Amino acid sequence: MHSEDARLQGVPALESLRRHSHGHEHNHPGGCHSLQPGLQQRQRWCSGVRSEGFAAFEQVYSELNGSDKDVFILFSGSVDPATGHSWCPDCPEPVIEKALASAPEDAVFVHVSVGPRDFWKDPNCVFRTDERTRLKSVPTLMKLGTAERLAEEQLMKVDLVEMLLSE
């Protein structure tokens, strides 16, 4: 088992989310995501969990809120099965990958897809209305348990992302 995978052991929500919407488990570095594996920093990002929908977010939240680990959650548009790409054109992963050196070594990263575009655009979308998220836009990167967050064009500025990840 890789050291990054070991960080997820003992966190039931994260272990159970390793098996998600398309039904296979991720026992390999990198999981299921749009990032290319290879660099050590990328492997640190990939040690997190990619999940789909609000129920998955709630599971992670209940398990990790109040944890002694720094938990960072990236909310983004879901992948459109017809195109294989997210409906949200802003892609902060390259900037986040570059900024990862600033993150605490034991940080946990969770990537939550907010659902299809029409679901997200509804003003009553639970990601917009729930007090734990109160998202105004995607992509948004937040530090769990704090008011700290970056959204949209802020996520394209490596210095801002580094500041969020290191505080």
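Give me the extension gain from C91 to E148: residue separation times 0.36 nm, minus the current Cα-Cα distance, reported in nm with one decimal. 18.6 nm is the gain from fully extending C91 to E148.
Using alpha carbon centroids, what distance separates segment 137-165 and segment 74-129, in Å? First find each Cα centre; the distance between them is then 11 Å.
Would you mind getting me the FRET efficiency between D130 and A101? Use the beta-carbon distance for r and R0 = 30 Å, nearest 0.05.
0.40
Remark: the L160-R117 segment gains 12.8 nm on full extension, using 0.36 nm per residue and subtracting the alpha carbon distance.
Coordinate-derived values only; no laboratory data. Computed from a predicted model, the values in this text were never measured in an experiment. Every residue, glycine as well, gets a Cβ built from its backbone with ideal geometry; the counts of neighbours run over all protein chains shown.
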